[in-house]
Amino acid sequence: MLTRHLLPDEFDLLVDGEAGFGVSQLQQHLRDCPACREELALMRTFVSAIEELPDLAPARPLADRVMAEVHVFVPWHVAARDWVAEWLPAHPGLRVAVAGSATAVAAASSAGLAWGWTRRHEWVAQGLLGADQLRTLALDAVSAAGQAVLGPLAGQVPGGTLPLVLATAGALGAAIATGVVGLRAAASRARRLGA
């Protein structure tokens with residue numbers, strides 16, 4: 001025999017119609033306690049009123065706005081799978097065609113990479129030869145430009161140092177121009193912030 005009123009979870013057991021160990025003791029208490037009987041009747045009325053309410057779905061724009069604010073963690077592999085699924089066609093035959101094409105491209109790429117790897121020494125040698133030719137062309141162009149600009153003075157500069165002198169002068173000129181532009185930009189920004 002209970003000497004106290006029923007607890008909320010005990011009321012839930014009775015409202016749900018549960019049967020089991022201890023429920024008979026709760027029912028015995030209800031026969032003797034009018035306050036708990038009244039509370040149980042109110043709870044049953046409330047539950048039946050809620051169950052009779054119609055199921056309402058929120059309006060689509062409301063659901064979209066709410067879901068836009070919900071931040072759901074998506075693992076990288078799920079995001080990658082979804083991204084690939086967006087680009088795949090829905091028709092099964094087209095999916096097979098896309099998969100076959102992707103396999104062919106992957107096989108051709110792998111074969112090309114393997115062939116390139118076996119010839120890597122040739123590629124490095126060709127690259128070094130091309131870089132040397134480009135350097136020679138650039139030095140010849142700078143020498144020709146220097147001789148055109150300096151005219152008779154170009155004869156006084158030794159042939160091998162003319163490109164170095166011109167490159168140094170060009171770098172110094174570029175550094176001065178960059179400094180002047182940077183100072184003007186800083187000054188105009190300072191004026192705008194001060195205004």
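The values are calculated or read from the model by the stated rules, or taken from the named source; none is laboratory data. Because the structure is a prediction, the values reported are computed rather than measured. With ideal geometry, Cβ positions are generated from the backbone for all residues, glycine too; neighbour counts draw on all protein chains shown.
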Select from region 108-124 the residues that are surrounded by fewer than 10 Cβ atoms within 10 Å (Cβ to Cβ) and among the β-branched types (V, I, T) and list them in ascending order. T118
In region 46-63, which residues are surrounded by 10 or more Cβ atoms within 10 Å (Cβ to Cβ) and at pLDDT 85 or above? F46, V47, S48, L62
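Quick one: in region 125-168, of everything that is of a type in the set (G, A, S) and surrounded by 12 or more Cβ atoms within 10 Å (Cβ to Cβ), which residue is modelled with the lowest pLDDT?
A154
Based on what the data block shows, is A99 surrounded by 11 or more Cβ atoms within 10 Å (Cβ to Cβ) and assigned by TED's automatic domain parsing to the domain that holds G170? So that I can check it myself, show each step before the final result.
On the way: surrounded by 11 or more Cβ atoms within 10 Å (Cβ to Cβ): yes; assigned by TED's automatic domain parsing to the domain that holds G170: no.
Against the criterion (surrounded by 11 or more Cβ atoms within 10 Å (Cβ to Cβ) and assigned by TED's automatic domain parsing to the domain that holds G170), A99 does not qualify.
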